[in-house]
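Please treat every number below as a calculation from the coordinates, not as lab data. Quick caveat, the model's predicted, so the values are computed rather than measured. Every residue, glycine as well, gets a Cβ built from its backbone with ideal geometry; the counts of neighbours run over all protein chains shown.
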Amino acid sequence: MSVGRTNSIIVVGGGASGVVLAAHLLKSPHPDLRVTLIEKRPHFGQGIAYSTLLSAHVLNVSAAGMSAYADDPGNFWRWLQARGLVSQEQTPQTPFYAPRSVYARYLKELLDELEVREKGTGRLRLIREESLSISPTSSGVEVTLANGTSVVAHLAVLATGHDEQPGAGQGHAIRMGTEADTALDPEARVLVLGTGLSMVDAFLSLEQRGHKGEIVAVSRRGLLPSPHRKGNPIKLDVADIPFGTQLSYFVGWFRDLIRENQKAGIDWRDVVDGLRPFNQKIWQNWPSSAKRRFVEHTKAWWDIHRHRLAPEVHARVTEAVRTGRIRPVAGRVVGIEAGDGFSIDIQSRHTQALETLQVARIYDCTGIARDISTTSNSVVRSLVDRGLARPDPLRLGLDVSAKCEIIAGDGSVSAKILAVGPLTRGTFFEIDAIPDIRVQCARLSKQLLG
Amino acid sequence: MLTKKGKYGLKALVHLAQLPAGQLAFVGDIASGNNIPKKFLDAILGELRNAGFVQSRKGKEGGYRLARPADEIKVGHVVRVLDGPLAPIPCASRTQYQRCEDCNEATCQVRHLMLEVRQAIAEVLDQRTLAEMRDIVLDDLTVARGIDGLPLTQKVLA
Ligand SMILES: Cc1cc2nc3c(=O)[nH]c(=O)nc-3n(C[C@H](O)[C@H](O)[C@H](O)COP(=O)(O)OP(=O)(O)OC[C@H]3O[C@@H](n4cnc5c(N)ncnc54)[C@H](O)[C@@H]3O)c2cc1C
C-alpha cells in the first residue's frame, strides 16, 4: 500500500463528486489516512444539481445508476427501500427517478454515517469554508481558505464542479433561483436561452411558481430532450467500435448500427446506452479535429439522445409545447435591448427571418459547460492565473492527464493537484453524471491509495 | 481475421509513414512497391480517406499522404475500418456475428477461447501505432525482443 507517502488528501468542493470521492477514499483501511473535505455551501453533497427543493425536479438517471459506489450499484436503491421511498413491488430494474432533493439526502446521510464511523479515527475532517487557492509546497500542497487560515496535505483534488455564474456574453441573462431572479408578473413572457435539461428545470420551476406567460426557448437547433424508456442496452465490445477515425466515419457507423438494431426491433436508446461503456475511450482516441467537430456540430444531437428525461417530465414538457406554454425556437438571439423588460430579436435558423419579442426576463439555461478560462470559481481561477493549470484544448474544462493530474501552463503534469468530475471533461468527455463520476472516483482512490 | 484488404492497407500506410512528413505518394508507386493490385489499392485508400487516416490530392502533383502523424494512428483502428470488427473467427464478434452452421455457440469451447483471443488482438493492435509498426521493419531483432517483453503476450499465454 502506497499510503505511507500520500496519506493526507484535501478534496476541494463537497458537492456530489467531493462526497463520492471521500467515500471511496475512506474505503481504504489505512489508519493514517487523512481526508479533508472543503465545501463553501452550508450543505455537503448538494452542489448545483441537488440543492433544489422542488419535487418535480427529479433525477434524470434511474436509481440503479445513482449509487455513490462504483462497485455497489444497489446502494442507493437499498437506501430508498429502507426509508420506504420505493414500494416493495419495485425492483432495482424498475426505472425510478427520485426527486433530486431525495438524492441530496442520500448523500448527506452517507457522509453523516462516514463522520460517525470515523469519529475516533481522525480520518475525515469536514470544513465549511470557501477555498481560495491551492499552492504546491515542498512537501505537498497548501490550501488557503476565505477565513484566512490554510490547510496542508500531501495532495489536493479539485471537485469544484460547475460554474455558478452564467458565462460571459450572456448579457442580461440570469440563472433561475439566484438572487437576481426576483418576482415576475405571472402573465409575462420570458425567454430561456437553451432547450435542454436546464430549460426543462426552469419550466418546472416557473410552473411551480404559478407562472402562466409564454416561455420562449431558443437554441441553435431548438432540439428538446428525449424521454427515457425501460430498456436493455445492447452489448458491444471494444473489438466492434471504430476508434480513432474522423467524426463523419464514426457517425456513419453509429447511424448504421442504430438502423440495423431498429430493424431487429431494438429501440435506439438501447443502442445509445450500449455505447456508454466506451464513450470515454471513443473520445480519447479521436483526433483533435474530430473532437472539435463533435463539440461544434454533433454534440447537440448527441445530448438530446444521450441525456434523457424521466418519462413523466417528458410528458409535461410535450403537453406544454402542445398548448403553447413552451415555444421552442431554432435560431439565435441577435439583438437585446433593455428597457421595461427586454426587446429581443431572434433570427430563425431555417428561414433566417427576424422576429422581435418583448420579454420580462432572460434565463440562462445554455447548459453547465463554459469556457474554464473565464471561470468565476476562485480556486480554479487562481490556478489558471498562476499557470499551475490550463484549459484543455477545447476549453471544456481543465487540462488533466488520464490519471486526473492537472497539467500546468507549460505542459508539466502535477503530481500534487488532481481533479475529478465535470472539470475533467476535456479528457474524459462524459464525466458529468454520477455513473461516470463514481467510476472515476473509484479509480482515483485506487491510484492514490492502492 | 486480417484479410488481404487489411494487410494491403497496413502496408500502404507503412509506405506513407516512411515518407517525410507531408510528402505525397502516387498510388502506382505504393502499389508496385508493395505488390498490391492497383485497383484494389485505390478502393482501400478511398476507405482510409473516408475514415480520416489519409488525405489525397488530385491531379498530376497528386497522391496520398497520412492525415495525421504516424505515431497518432493505432494499427487496430485501421484494421477495424478495413476489415470490420476485430475477431479471429466470425462467431466471435458481436456486431458482425455469424452463427456457425455446425455448432452450438453456447457450449462451443472453441468460440469461448476465441473470445479471449479477440480481447488479446484488440489489446495488441490498439497499443501499437503505425510509427511503431513502420520501425519494426528496420530491425527485426529488437522488434522480436520487444514483442517478447510485452505484458500482453504473457497475458495471452497465461
Ligand atoms: C440541474 C442539474 C441536474 C442534474 N441531474 C443529474 C442526475 O439526475 N443524475 C446525474 O447523474 N447527474 C446529474 N447532473 C450532473 C451533475 O453534474 C452531477 O451529478 C453532479 O452534480 C456533479 O457534482 P460536482 O460535485 O462535480 O459539481 P457541483 O454540483 O457543481 O458541486 C461542486 C461543489 O463544490 C463547491 N465549491 C466550488 N468551489 C469551491 C471553493 N472554492 N471552495 C469550497 N467549495 C467549493 C460548490 O459549492 C459545490 O457544492 C445534473 C446536473 C445539473 C446541473
Q. Expressed in nm to one decimal, what extension gain is obtained for the pair B:Arg57 and B:Ala21 from 0.36 nm per residue of sequence separation less their Cα-Cα distance?
A. 11.5 nm
Q | Ratio Rg/Rh, restricted to region B:3-124 and using Cα atoms, in which Rh is the Kirkwood radius | A | 1.09
Q. Quick one: if you stick a label point 7 Å off each Cα along the C-beta vector at A:Val321 and B:Gln96, how many nm between them?
A. 3.8 nm
Q: Taking amide H positions as placed in the peptide plane 1.01 Å from N, state which residues far from A:Arg349 in sequence (5 or more) or on other chains have amide H under 5 Å from it.
A: A:Ala330, A:Gly331, A:Arg332
Q. Ranked from highest to lowest mean number of other Cβ atoms within 10 Å per residue, what is the order of the peptides A:436-442, A:153-159, B:37-43, A:403-409?
A. A:153-159, A:436-442, A:403-409, B:37-43
(Q) For chain A, take the longest principal axis of its alpha carbons; what is the angle in degrees between that and the long axis of helix A:434-449, to the nearest 10 within 0 to 90? (A) 20 degrees
Q.
Going by amide H atoms built from the backbone, whose H comes under 5 Å of the H on A:Ala217, apart from near neighbours?
A. A:Val192, A:Arg327, A:Val329
Q. Tilt of helix A:311-322 relative to the longest C-alpha principal axis of chain A, in degrees (0 to 90, nearest 10)?
A. 30 degrees
**Q.** Angle between chain B longest axis and helix B:109-127 axis [Cα atoms, degrees, rounded to 10]
**A.** 30 degrees
Q.
Please compute the average number of Cβ atoms from other chains found within 10 Å of each residue's Cβ in peptide B:72-80.
A. 4
(Q) For the pair B:Asp29/A:Thr356, report the inter-label distance in nm, with labels modelled 7 Å from Cα in the Cβ direction. (A) 6.4 nm
Q. By per-residue mean of other Cβ atoms within 10 Å, what is the highest-first order of A:136-148, A:413-425, A:193-205?
A. A:413-425, A:193-205, A:136-148
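What is the average number of partner chain Cβ atoms found within 10 Å of a Cβ in B:121-131? List each step's numbers first, then the result.
On the way: counts 1, 6, 1, 0, 1, 6, 0, 0, 0, 0, 0.
If you average over the peptide's residues, the count of other-chain Cβ atoms is 1.
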Q) Counting pairs on different chains as well as pairs 8 or more places apart, how many Lys pairs in chain A have Cα atoms under 18 Å apart? A) 14
Q | Of A:Arg34, A:Arg259, A:Arg220, the one that fluctuates the most in a GNM where chain A has Cα springs shorter than 10 Å | A | A:Arg259
Q. If you count the DSSP beta bridges with both ends in the protein assembly as shown, what percent of them are antiparallel, to the nearest 5?
A. 50 percent
